[in-house]
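The values are calculated or read from the model by the stated rules, or taken from the named source; none is laboratory data. All of these numbers come straight from a predicted model, not from anything done at the bench. Virtual Cβ from ideal backbone geometry, glycine too; neighbours counted across all protein chains shown.
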Amino acid sequence: MTIADTSQRPRFFARGNVYLPHIVVIEKVIEETPGVRTFHFNFKDERLREEFAFQSGQFAEYSIFGVGEAPFCISSSPTRRDHMEFALQRVGKVTNALHRLGVGAEIGFRGPYGNSFPLDFLAGKNLVFIGGGIGLAPLRSLIWNVIDNREKYERIDIIYGARSPADLCFKYDLETWGKDSSVNMVTTVDRGDKDWTGKVGFVPAITEQVAPSAKNAVAIVCGPPVMIRFTFPVLAKLGFTPEQMITTLEKRMKCGIGKCGRCNIGNLYVCRDGPVFSYAQIKSFISSEY
């Protein structure tokens, strides 16, 4: 299975200038962890709210005028159209500036960019979502997409981990998925505390313990590079073929349209050819370059 190219994916570029952003307004800010926040937003122009379309897995460029821009996935699901969301970790100039914003602030938005998760390929299959830390952000768009179309899919397993209980993102989603009888939710941390009652261990090791079946299944993986690198061999050991493993990458993306060359991995550009790839597409260089 090869992930579909970007030519058929939703695009919403400003006419005549792919670098020109639209104005969006922040409607809600959620502090996920001490360093991670989720922003709910909507287009300032109400007409654009109706016309905009994207698919789970795509990303956008978010800008603060006078500071810069940075790419992040759209972490909400296209099945829920009242607002959109993105989540980010405070690590640099742009993300620090975004973290200082509150409700009512206006920022720039351009996109969507990249390809998306292959829903047609996933239909009728058992799905195994494996995430780590802020890597749950792109997965949750697909998870909610799948749950909102539950009749199209078989068993759903979600394995998610973080360094500590305080570092778990989207705790409200974890709680909801844990109460959903149609979802098998497993949460783990590298180090527990006195109140932690869940599993303790790295995500790859917990995945091997849970041992999801590879029969009629697809595993979708996203998290820190080291987690992705060590999870793929575990899945292979469980019987998953490279075509049955999908990941989404955000390596060094900058311009969003394959012009700056910062995000190349081998002969691929993450922003143009991805960010969604099957392991079959990237296995020859992921251990050395990602």
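Remarks
- Annotation: of all residues in the stretch 200-216 being polar (S, T, N, Q) and at negative phi, the one that is surrounded by the most Cβ atoms within 10 Å (Cβ to Cβ) is 207.
- For the residues 61, 32, the requirement of being closer than 12 Å to residue 111 by Cα and touching a residue at least 60 places away in the same chain (Cβ under 8 Å) singles out 61.
- Condition check for residue 137: modelled with pLDDT of 95 or more and over 19 Å from the mean Cα position of the chain (by Cα): no
- Residue within the stretch 95-105 that is within 30 Å of residue 184 (Cβ to Cβ), touching a Phe, Trp or Tyr at 6+ places or on another chain (Cβ under 8 Å), surrounded by 18 or more Cβ atoms within 10 Å (Cβ to Cβ) and not assigned by TED's automatic domain parsing to the domain that holds residue 250 present: no
Residue-by-condition table, conditions (1) assigned to a loop (DSSP other than H, G, I, E, B); (2) touching a Phe, Trp or Tyr at 6+ places or on another chain (Cβ under 8 Å); (3) on the phi < 0 side of the Ramachandran plot:
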{"position": "218", "(1), (2), (3)": "no, yes, yes"}
{"position": "221", "(1), (2), (3)": "no, yes, yes"}
{"position": "230", "(1), (2), (3)": "no, yes, yes"}
{"position": "233", "(1), (2), (3)": "no, no, yes"}
{"position": "240", "(1), (2), (3)": "yes, no, yes"}
{"position": "261", "(1), (2), (3)": "yes, yes, no"}
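- Any hit, the stretch 149-161, residues being over 22 Å from residue 117 (Cβ atoms) and surrounded by fewer than 22 Cβ atoms within 10 Å (Cβ to Cβ): no
- Residue 192 meets all of the listed conditions (1) at pLDDT 95 or above; (2) of a type in the set (Gly, Ala, Ser); (3) surrounded by fewer than 23 Cβ atoms within 10 Å (Cβ to Cβ) but one, namely (1).
- Within the stretch 175-186, residues that are closer than 18 Å to residue 207 by Cβ sit with their Cβ atoms under 8 Å from residues that are in a strand (DSSP E or B) and of a type in the set (Lys, Arg), at 6+ positions apart or across chains, in these pairs: 186/199.
Condition check ((1) crowded, with 20+ Cβ neighbours inside 10 Å; (2) over 21 Å from residue 168 (Cα atoms); (3) modelled with pLDDT of 95 or more) across all residues:
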residue: 5; (1), (2), (3): no, yes, no
residue: 15; (1), (2), (3): no, yes, no
residue: 25; (1), (2), (3): no, yes, yes
residue: 41; (1), (2), (3): yes, yes, yes
residue: 57; (1), (2), (3): yes, no, yes
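- Filter result (at pLDDT below 90 and part of a loop (DSSP other than H, G, I, E, B)) within the stretch 263-290: 263, 266, 267, 283, 284, 285, 290
- Single residue of 248, 197, 187 found to be within 20 Å of residue 122 (Cβ to Cβ) and not assigned by TED's automatic domain parsing to the domain that holds residue 89: 248
- Pairs linking a residue in the stretch 198-210 that is under 12 Å from residue 230 (Cβ atoms) and modelled with pLDDT of 95 or more to a residue that is basic (Lys, Arg) and part of a strand (DSSP E or B), with Cβ atoms under 7 Å and 6 or more positions apart or on different chains, are 206/199.
- Taken together, the criteria exclude residue 206 from residues that are more than 17 Å from the chain's Cα centre (by Cα) and either of a type in the set (D, E, K, R) or in a loop (DSSP other than H, G, I, E, B) (or both).
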